[in-house]
Every structure is written in C-alpha cells, then in structure tokens.
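Written below as structure tokens is the structure these notes are about.
The values are calculated or read from the model by the stated rules, or taken from the named source; none is laboratory data. A quick note: this is a predicted structure, and the numbers were derived from the prediction, not measured. We place every Cβ from the backbone using ideal geometry, glycine too, and count neighbours over all the protein chains shown. Keep in mind that these areas ignore ligands, DNA and RNA; they rest on the heavy atoms of the full protein, side chains included. Shrake-Rupley method; radii C 1.70, N 1.55, O 1.52, S 1.80 Å.
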Amino acid sequence: VAFAAPPTVSDSFAVTGVRVFDGSAVLPSATVVVLDGRIDAVGPNVIPPPGIPVIDGTGATLMPGIIDAHAHARSRQELERAIQFGVTTELDMWTVPHFAASMRREQERTGAPYRADFFSAINPATLPEAYPYNFTPHQRERPTLSGPAEVEGFVADLMAAGADYLKIMVEDGTIAYLDLPVLSRATVQALTQAMHNRGKLAVAHVTEQAHAFNVVEDGVDGLVHIFPDQPADPAFIQLAAAKGIFIVATLTAEEGFVTTDGGASLIADPDLGPYLTDEEIQWLLTPAPSNAMTPQNMEIAKENVRRLHEAGVPILTGSDVHAHGVALHREMELLVQAGIDPADVLEGATSAAAAAFGFADRGRIAPGLRADLLLVKGDPTTDIKATRAIQRIWKA
C-alpha cells in the first residue's frame, strides 16, 4: 500500500542534512536514523533504510532532549508542559510520594510518551522545624530527622518510597531574613554515606558559601543551587574540582528573587510567548516575597558559575520554578550571559546532566540510546536562543 504522506507519529524515522549537537560535539551535516524509538545510526554518510519517514533537517540543529536537573512537579500537566518546550526529563527535588509513584508506574507501563520523564528525591532530609517545613507547617508530618542515629531509618524509608536520589536541605534562612536550624555536619556525613552505600546520589540545597564548603567536605555529589551570597573562594573552587561535584546553577530561580524581567523576556519572546498559558504568564510576572537578594548577588552568582565552570566543575541547568520547560530556556540564556560558551551550556543541559545523575540511556545522540530529540531552527551552539525555535520534539 502506498501512502500519500508518512504517518504523523513514528518510532522509526530519519533526519537528513541536519547539524547535530550530540551532547558534546557538533557534526556540521549528518543523518540520524531512529528505529523503534532508539538511535540506530549517526553520521555524514548514513543512508536511511527504505520505508521510514525522512525529515529534511537543512538549516536546523538536532540535539538531545533537555534535562531539567532541578524541577518541582506535582501534576502530570506540569510534565506535559515541560516536554512541549523541549524538556524530556525532569529531575524533581521535592514532591509528594504518591505522585512520584504514579509517574514511575506510568513510565514503566507505557513510557509516558506525551510528558517529560520524571525522577525524584521525594522528601528532602531536614530537621522537623527547619526549611522547607517552616513555610509549610501543615506538612510537618512528612519524614524528618534530628541526628545521625535516625539516618539509616530515614534513608531506608525514602528508598522504600521509590526515591531516585537524596536531597539534603542546609538552609539557615538568611536569604529570607529568617534564622532556621540546620542539620549537623555529622548527620550530613551519615546521610551521604548511607546513600553511597546504596549506590545512590546525595545532593544538597545551599544558598551560602559557608554551607557549601561544609556539605562538599561532607561528601555530597552535587549542589542544586549556586550560592549567591559571596564570590567563590579559590579554596572552594579547588575543593569542588577535587571532589568531582557538579552544580545545578538555577540562575533563573535566583533571578526571580530580584526581578521579573526574566519572566517578561520569555513572555515577549516570539518563539515562546505565544505558547504560554495565562497562569504561566501570571506566575512569570509575580514578584518574589521580600528577601535579601540584590542585583549584585545575581552578578555574584553568575561569576561563581563561570569560575567553577572554568575549573572543570560541571554546571547543569535547572529551573526550580513553576514555569515548566519554558524557564529552562531562560536558564540557558543566563548561563551564556555568565560567560559560559553556548555549546558548554547545551552539554550541561544534556549529556553532562545525564552523566551526573547516572542515566546511561539519554542525554546524547549516539547509537543504542533513547531517541529523546529536539529539532530546532538555527544553531544553538552559537546562539543559545535557537533552542526556543522548536520544530519537532521526540521522546523515545
């Protein structure tokens, strides 16, 4: 039977004559063949097998689906919004257990083709009266711990709930004009060791360099914010590089503490603005509550990620905001503004994020991997805003 046009959705297809950013390197013109949802072949001399749809990629770039390495989702709709802006995987840093379990079951059963994949820390490790439950007293029944003796039970319960990694809160509230207790260093050390004993990652929320020093010395695998309080000490940069940690910058979240200009720029963007919902627009234009962040702190944060990147510390992209998917495009723009090369920013949003969190099946365009792909107009390795001109999105 001869079809007048290829089917609109196919697990097998080819993109020809396309610039390929494979997660680290650029192929100026290549063909990528996908068979049954997996990348089959990549290269300038690849010939598509007969009978599969062929897409002309002239003038466009094919890149891996974006990984948001610091997200917060509590509804399926948020994950649907994420993928509509090119984010194919969200790494959640605090959600409710039943939602995480539901998303995991769906991924195992159907692959969840029309939303971002979802992995989660579920409940963070924190003291009963500490951040974030000081803001949400109604959730104080959530699991907490008070010292090293409670670590093994806390971690065992978290693993039983299906957590993919651990998030440790070390937030004394200074950024919000508060004075909050934080976990002891002995507890942080015991938490990281308990996770490593299980072959799992432990990451930390910090917003001050003093806490960053401590948690990195105490064994965490990464920081899920860059600290904006003071310029990174050369000794911290040396320690971070020596310990092999990664940092999720979350510059777009930190910008939101200072100004809504970033949100306004997304709304005004011709490639993104038309697709935003009224609720997303309202959220992007809502000022943050009173806090200690200033424009100077924002510049310090940018300079810190630039210097850490120069030292070889992987800088990953994370939004930490409610505007799922769309905020990642602002995050990448801010990282370029900070002085990181666009290609390196894209690496942090794809292959480096996959490597940091131990995903061997995504983040790159290479034979055998999942076909989580983004086709964008132009060249985002030279103009980061080209990621916004999305032509096609594939998940597996």
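Mind checking the stretch 1-93 for chymotrypsin sites (Phe, Trp or Tyr not before Pro) that DSSP puts in a loop (not H, G, I, E or B) and that have at most 11 other Cβ atoms within 10 Å? Provide the component values of the computation, followed by the final result.
Values: sites: PHE3, PHE13, PHE21, PHE85; in loops: PHE3, PHE85.
Filter output for the stretch 1-93: PHE3.
R0 = 45 Å: FRET efficiency of GLN337 with ALA156, Cβ-based, nearest 0.05?
On the way: r = 43 Å, r/R0 = 0.96.
With a Förster radius of 45 Å, E is 0.55.
Quick one: which residues, 5 or more positions from LEU276 or on another chain, have an amide H under 5 Å from its amide H? H modelled 1.01 Å from N in the peptide plane, none for Pro or chain starts.
Result for LEU276 returns nothing.
Amide H of ARG392: which non-local residues (sequence gap of 5 or more, or other chain) have their own amide H closer than 5 Å, using H built in the peptide plane?
LEU375
Give me the Kirkwood hydrodynamic radius of the stretch 174-329 in Å, from all C-alpha pairs, to one decimal place? Walk me through the intermediate numbers first.
Values: mean 1/r = 0.0596 Å⁻¹.
So the Kirkwood estimate lands at 16.8 Å.
In debye to the nearest 20, how big a dipole does the chain give about its Cα centre with +1 on each Lys and Arg Cβ and -1 on each Asp and Glu Cβ? Write down the numbers at each step before the final one.
Values: 28 positive and 49 negative charges, 199 e Å.
Around 960 debye, computed over the chain.
I'd like the per residue volume of the convex hull spanned by the Cα atoms of the stretch 312-396, given in cubic angstrom. List each step's numbers first, then the result.
Values: hull volume 9.3 nm³, N = 85.
Cα convex hull per residue, to the nearest whole number: 109 Å³.
Towards the positive end of the charge dipole of the chain, with charges on Cβ (+1 Lys, Arg; -1 Asp, Glu), say which of GLY86, VAL15, ILE47 has the farthest Cα.
Towards the positive end, the residue furthest out is ILE47.
Whole-Å semi-axes of the chain's equivalent ellipsoid, largest first, each the root of 5 times a Cα gyration tensor eigenvalue? Walk me through the numbers on the way to the answer.
Working: eigenvalues 255, 104, 81 Å².
Working from the Cα gyration tensor, I get semi-axes of 36, 23, 20 Å.
Taking DSSP loops as anything outside H, G, I, E and B, show the longest stretch in the chain free of trypsin sites (Lys or Arg not before Pro) there with at most 16 other beta carbons within 10 Å. Walk me through the numbers on the way to the answer.
Working: sites that count: ARG74, ARG140, ARG198.
In the chain, the maximal stretch lacking such sites is 199-396.
Just need the relative contact order of the stretch 33-186 here, percent rounded to a whole number, with Cα pairs under 8 Å and 6+ apart. Don't skip to the answer; put the middle values down first.
Details: 207 pairs, mean separation 27.4, N = 154.
Relative contact order of the stretch 33-186: 18 percent.
Past the 15 angstrom mark, what percentage of all C-alpha to C-alpha distances in the stretch 208-258 do you count?
Working: 550 of 1275 pairs.
The answer is 43 percent, as a whole percent.
State the volume of the convex hull built on the alpha-carbon positions of the stretch 1-135, expressed per residue in Å³ and rounded to an integer.
Details: hull volume 19.8 nm³, N = 135.
Convex hull volume per residue, Cα atoms: 147 Å³.
Would you calculate, for the chain, the mean residue ellipticity at 222 nm contributed by helices, counting each DSSP H stretch of 4 or more residues as -39,500 (n - 2.57) and dividing by all residues, to the nearest 500? It would help to have the intermediate numbers written out before the result.
Working: 13 runs with 127 residues, N = 396.
Result for the chain: -9500 deg cm²/dmol, rounded to the nearest 500.
Just give me a number: lysine pairs in the chain, eight or more positions apart or cross-chain, with C-alpha atoms less than 20 Å apart.
Numbers: LYS167/LYS200; LYS167/LYS243; LYS200/LYS243; LYS302/LYS385; LYS377/LYS385; LYS377/LYS395.
Eligible lysine pairs with Cα atoms under 20 Å apart amount to 6.
Would you mind telling me the share, in percent, of accessible area of the chain contributed by carbon and sulfur at probe 1.4 angstrom?
Numbers: 8530 of 15940 Å².
Summing carbon and sulfur atoms, their accessible area is 54 percent of the total for the chain.
Under a Cβ-only charge scheme (Lys and Arg +1, Asp and Glu -1), can you give me the dipole magnitude of the stretch 264-361 about the Cα centre, in debye to the nearest 20?
Approximately 300 debye in magnitude.
Accessible area per residue, 1.4 Å probe, Å², for the chain: what's the number?
Numbers: 15940 Å² over 396 residues.
Roughly 40 Å² per residue, with all protein chains present.
Under the rule of at least 5 residues apart or a separate chain, name every residue whose amide H is placed under 5 Å from the amide H of GLY378.
Placed amide hydrogens put ALA60, THR61 under 5 Å from GLY378.
What whole number of Å gives the distance from the Cα centroid of the stretch 209-231 to the Cα centroid of the stretch 18-92?
With the stretch 18-92 and the stretch 209-231 each reduced to a Cα centre, they are spaced 33 Å.
May I ask you to evaluate 6.51 cos²θ - 1.76 cosθ + 1.60, the Karplus curve with θ = phi - 60°, for each residue of the stretch 292-301 and list the ³J(HN,Hα) values in order in whole Hz, giving x for glycine and proline?
Working through the residues one at a time gives 8, 6, 10, x, 5, 4, 5, 5, 4, 4 Hz.
Two decimals is fine: what's Rg over Rh for the stretch 241-396, C-alpha atoms, Kirkwood radius as Rh?
Values: Rg = 15.9 Å, Rh = 16.4 Å.
My calculation puts Rg/Rh at 0.97.
Rg over Rh of the stretch 71-221, using C-alpha atoms and the Kirkwood radius, what does it come to?
Rg/Rh: 0.98.
Residue farthest toward the positive end of the dipole of the stretch 287-378, with Cβ of Lys/Arg at +1 and Asp/Glu at -1: which of ALA327, GLY339, ASN304?
Ranked along the dipole, the leading option is ALA327.
With no solvent and one point on each alpha carbon, what is the Debye value of log10 I(q)/I(0) for the stretch 185-226 at q = 0.16, 0.19, 0.20 Å⁻¹?
-0.34, -0.48, -0.53
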